[in-house]
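Here's the structure we're looking at; comments come further down.
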Amino acid sequence: MNGSACAIGLDFGTASARTLLLDLSSGEELAVSEVAYAHGVIDNTLPGTGERLPPDWALQDPDDYTAVLDAGISSVLKQVPGAAARVVGIGLDFTSCTVLPVTDQGVPLSSLPAWRHRPHAWPKLWKHHAAQYVADRLNEVAAARGEPFLARYGGRISSEWYFPKLIEIWLEDREIYDAASAFLEATDWVVWQLCGHQRRSACPAAYKAMWSESDGLPGAAYFEAAYPGFSRPADKLGHTFYSLGSNAGPLRADLAYKWGLPGSVAVAVGNVDSFVSFPGAGAEGGSTYVMVIGTSICDLVVHTADVGLEGITGVAKDGIVPGLFGYEAGQPAVGDMLGWFAESLAGPGGPGSVGSTLRQLEQAAAVLAPAQTGLVALDWWNGNRSVLADADLSGVIAGLTLQTSAADIYRALLESIAFGNKAIMDNFSSGGLDLKEIVACGGIAEKSPLLMQLIADVSGRNVSVPSSSQVPARGAALFAAVAAGPQAGGFSNVAQAARALRPGIAGTYYPHPAATATYGQVYRIFKDLHDTLGRSQSAWLHGLKQLKRQATRSEA
């Protein structure tokens, strides 16, 4: 083999997928490709039928996944002639919990004419929140029974997760449920397409399907108590799960031939998009707080101990990096909240494209001083993931006047992200996790210096941004290198790979003491609103959401 070994990392996001070709000797990103999903997020009407989807639905088309897989890999290999022969591994990450029902041959039910017209046959994207009523029931029963698994998830499970979505199908379309041989995380489904057999990852099973290596799934009696008749939870989930960095098998021979790759290329077990970013950014140790900022934010912390902590979205041994407990939290509306605001201004007669509008708003908002807007917002445009775990909460802007400008509102939305982040960090600190620095990666970390500065000012901590535009894809390639192993030019473990492939730092944002002091006062108002509308008076926002659903159904 001429030259150093390479690995391919694929990062499947909400609207597109990124493919990265990584040199495993130098850490150089040799080629990058980004391909948008042709169907994007399906949240209005079902393709082919025009059927209007109910509120809070979010689906995708699995054909988009295979299309971008082929286009992305073909593109990066074409950009670097001769690199194909040097590829030793392929790794991937995916948004989670994005799940789809499949046949015993791995064919998505939505691809079959018999089921394509049924909404529940389609992949449910992570932000499909229509199963909130199921999550509420599962939480209620778990709390009443004192189920010990609930503590691993901060006291509440989310409507975004595996069993709320699966039971939603069981309740609403039993034929689809019965027709599905398996209900798969999309990351596991793509691995199946690459290597030709099913290899379910332990990572999403632990964080999104309430499974643990030591205890397995919650008992059948728990599910039966919540939903009589649903007493075999493992039927669609399976029983065998593979650890991160495992080799799922060699690349299928036909795909190796198609892409011109060696037949020995290792396919790594699938991963979660945010989780690969922790080692992908070169982060180590329990004092580092990693934020992956895109459509949403995922927050990641690792620690040597399992600390009982409310308000997180999960903790699992070996869940992020082997040998440590990985903690997850997050904010579900970030890039899409900002995009919504820009798009609302960029309609007929508006100032232009969403991208140019965001740049204009960023420039105008940057000249405003802390507290100058007179506004405070709650960033609940897509519910709250941490620390309230309530998808039925909705966004709030307080303090509007006739003098309020678009730049004021935009800055308030950015500040709401920083305030929501502080609430999450404070929750970690209350559990004894001492967080000294923030590493922020993802598209918005690069595109919005103002947001990075606000996070530094509000949190009182330094914020470093790695010098890589594709940290998740880089992390996926890192796991591919571990799956390939040192004998092929890869690495023997994740820690070794993370140190060897650590990217540089593009920039560091330092908190301004005066801004931190001012934002401390605004944050107290934010926190009072947060606790009032999210805890003691959550029925107000819940009631508005329910009335909206009823009105939408009546109109349909």
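Points worth noting:
- Of all residues in segment 53-65 being in contact with a strand residue (DSSP E or B) (Cβ under 8 Å, 6 or more places away or on another chain) and farther than 21 Å from L544 by Cα, the one that is surrounded by the fewest Cβ atoms within 10 Å (Cβ to Cβ): D61
- Residues satisfying the stated conditions in segment 30-69, i.e. among the hydroxyl-bearing types (S, T, Y), outside any loop (DSSP other than H, G, I, E, B) and in contact with a Lys or Arg (Cβ under 9 Å, 6 or more places away or on another chain): S33, T45
- Filtered residues of segment 440-468 (kept if hydrophobic (A, V, I, L, M, F, W, C) and within 18 Å of Q363 (Cα to Cα)): I444, A445, L450, L451, M452, L454, I455
- Within segment 213-252, considering residues that are outside any loop (DSSP other than H, G, I, E, B) and among the charged types (D, E, K, R), the one surrounded by the most Cβ atoms within 10 Å (Cβ to Cβ): K236
- Each residue in segment 405-439 was checked for being among the basic types (K, R) and in a helix (DSSP H, G or I), and 2 of them qualify.
- Only one of L378, L414 that is at pLDDT 95 or above and in contact with a Ser or Thr (Cβ under 7 Å, 6 or more places away or on another chain): L378
- When each of V141, V102 is tested for being touching a Ser or Thr at 6+ places or on another chain (Cβ under 7 Å) and under 18 Å from P233 (Cβ atoms), the lone residue that passes is V102.
- R199 under 28 Å from G72 (Cβ atoms), of a type in the set (K, R) and part of a loop (DSSP other than H, G, I, E, B): yes
- Among (1) over 23 Å from A329 (Cα atoms); (2) assigned to a helix (DSSP H, G or I); (3) β-branched (V, I, T); (4) under 25 Å from the mean Cα position of the chain (by Cα) - the single one T187 does not satisfy: (1)
- Residue selected from segment 30-47 under the condition aliphatic (A, V, I, L, M) and either at pLDDT below 95 or surrounded by fewer than 15 Cβ atoms within 10 Å (Cβ to Cβ) (or both), by the criterion farthest from A121 (Cα to Cα): A36
- Residue tally, condition touching a residue at least 60 places away in the same chain (Cβ under 8 Å) and within 23 Å of the chain's Cα centre (by Cα), over segment 233-246: 6
- From G27, G91, residue being assigned to a strand (DSSP E or B), surrounded by 15 or more Cβ atoms within 10 Å (Cβ to Cβ), of a type in the set (G, A, S) and touching a residue at least 60 places away in the same chain (Cβ under 8 Å): G91
- Residues of segment 53-82 satisfying the condition of being under 15 Å from R116 (Cα atoms) and modelled with pLDDT under 95: none
- G72 closer than 30 Å to E28 by Cα and among the small types (G, A, S): yes
- Looking at L338, L361, L309, just one residue is more than 22 Å from N384 (Cβ to Cβ) and at pLDDT 90 or above, and that residue is L361.
- Selected residue (criterion: nearest to the chain's Cα centre (by Cα)) from residues of segment 126-143 that are surrounded by 21 or more Cβ atoms within 10 Å (Cβ to Cβ) and either assigned to a loop (DSSP other than H, G, I, E, B) or hydroxyl-bearing (S, T, Y) (or both): W126
The values are calculated or read from the model by the stated rules, or taken from the named source; none is laboratory data. Here the structure is a predicted model, which means the values were calculated and not measured. Using ideal geometry, Cβ is built from the backbone for each residue, glycine included, and neighbour counts are taken over all protein chains shown.
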